[in-house]
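The values are calculated or read from the model by the stated rules, or taken from the named source; none is laboratory data. Being a predicted model, the structure only gives us computed values, none of them experimental. Counting neighbours? That spans all protein chains shown, and the Cβs are built from the backbone with ideal geometry, glycine included. Ligands, DNA and RNA are excluded from the accessible area calculation, which covers all protein heavy atoms including side chains. Shrake-Rupley method; radii C 1.70, N 1.55, O 1.52, S 1.80 Å.
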Amino acid sequence: MGRLAEWRRIARAHPAVVDALLAAALFVAGLLPVNPPGGPPEAPLTLAAVLLAAIGSGALAVRRRHPLPVLALTTVSVVLAQLAGVARGPMVLTVAIAAYTVATRADRRTAAVAGLVGALAVGAAAIATLGVVGLDPAVVVLLLWFGVAVAVGDAVRSRRAYVAVREEGARRAERTLRPEETGAPTEPAPSLNRLDALVEGFSTGQPARWTVAGQPRPLPTEVDVAAYRIIQESLTNAHRHAPGAAVAVRLRYDPDGVTIEVRDGGTETSPPPEPSAGLGLPGLRERAEAVGGTLTAGPRPDGGWSVRAELPAAEERAE
C-alpha cells in the first residue's frame, strides 16, 4: 500500500510525464498483433499504420490540457486507419481514453455529445470496413467501449467535485464551529465576490492589482470556491518566493467558464515555488482538476512566475 500511495503521489505531481508514458505505451501496443475485445481485426503493419498510430497515441500526451482537440485528433486518426484498412486493435483505445479525459474535465452534456460523435464516427467507419449490414456484434462491443469510458470519466469528475466541496466544508467548519477558541463570528464563505478584499489585504505588504474581463456571473459553488482558493494560494506563494515583487491577478469570464492568471514580477534571488510550500503546485492542480479544470504554472520569459487555471462553468442559456 505504501508503494502504491507513493506512485499515486508521483503521478499527481507529474501528470505530463504519466501522459507521455501512456502515449508511448499505446503507440508500442498499436504496433503489436493484439486486439482489444470488439476491436477491428488485425491489419498489416505498414508505414501508414505507424504514422496514424503515432498521431493518435502522441496526442494523448497533452490530453489533460486540450481534451476536446485530442479527442477529435484521435478519432480522425482511427477513422482514417479504418478506412485505409490499416487499423490495428489497440488504436481504438486512444479514442476511448480521450473520451474518458473529456468526461473528467467537461460538463456532462459536453462529454456526452463529444463521446457520441466519436463513437458514431468510429462505429460508422468500422461498419464500412467490415462490410456488415446494421450493428455487428463486434461494432456493438466497440461502441460500448466509448459508453463505458464516458461514464467512468463522468463518475470521476463528480467524485472529485464532491470531495473538493466536502474538504472545503470541513476546513471551514474547523475554523468556524469553535467560537470559544476564536471569539469571532463565522467567516464568509470563500467566493470570487470577495476577490477585492483578498487582493487588497495582500497588497498591504506587496503591490498587487486585479482586473476582471467578461461579464461576471454566479458560478457553481465548487468552481467559485476552487477559483478563490487558487488565487489565494498563488498570492501566498508569490509573497513567500517573490517578496516585494508586483503581482497581477487577472480574472476572465467566458461562456464556457472562468480563466484565472496570477503573475508576479519575481526577484533576482527568489527560487521557484517548492511543492511543499502551502498546497504547492500539485495541490493547486488537484484543486483545479477536482472541478474539471486545468492548471499550469511556470517561469515567465521576462522573469517572475505565472499560474494559470481554466475552470469549466458553462453559462446557462435560456431555452
For segment 54-89, name all the residues that are out of contact with any Ser or Thr (no Cβ under 8 Å at 6 or more places or on another chain) and more than 30 Å from Gly293 (Cβ to Cβ).
Leu80, Ala81, Ala84, Arg88, Gly89
Taking the condition hydroxyl-bearing (Ser, Thr, Tyr) and modelled with pLDDT of 90 or more, does Thr74 pass?
yes
Can you pull out the residues in segment 1-31 that are more than 18 Å from Val95 (Cβ to Cβ), modelled with pLDDT of 60 or more and of a type in the set (A, V, I, L, M)?
Ile10, Ala11, Ala13, Ala16, Val17, Val18, Ala20, Leu21
Any chance segment 115-122 includes a residue that's under 18 Å from Pro312 (Cβ atoms) and modelled with pLDDT under 90?
yes
It is to be established whether one or more residues within segment 101-122 are under 20 Å from Leu32 (Cα atoms) and hydrophobic (A, V, I, L, M, F, W, C).
no
Please tell me if Leu47 is modelled with pLDDT under 80, over 25 Å from the mean Cα position of the chain (by Cα) and open to solvent by 30 Å² or more (accessible area, probe 1.4 Å).
no
Going through segment 63-100 in order, the residues found to be outside any helix (DSSP H, G or I), under 27 Å from His14 (Cβ atoms) and open to solvent by less than 60 Å² (accessible area, probe 1.4 Å) are Arg63, Arg64, Pro90
Does Val86 satisfy being in contact with a Gly (Cβ under 6 Å, 6 or more places away or on another chain), at pLDDT below 85 and among the hydrophobic types (A, V, I, L, M, F, W, C)?
no
Extreme residue, most open to solvent (accessible area, probe 1.4 Å), among residues of segment 101-141 that are closer than 21 Å to Thr294 by Cα and out of contact with any Lys or Arg (no Cβ under 9 Å at 6 or more places or on another chain)
Arg109
Taking Glu268 as meeting all but one of (1) of a type outside the set (Gly, Ala, Ser); (2) touching a helix residue (DSSP H, G or I) at 6+ places or on another chain (Cβ under 9 Å); (3) open to solvent by 40 Å² or more (accessible area, probe 1.4 Å); (4) at pLDDT below 80, write down the number of the exception.
(2)
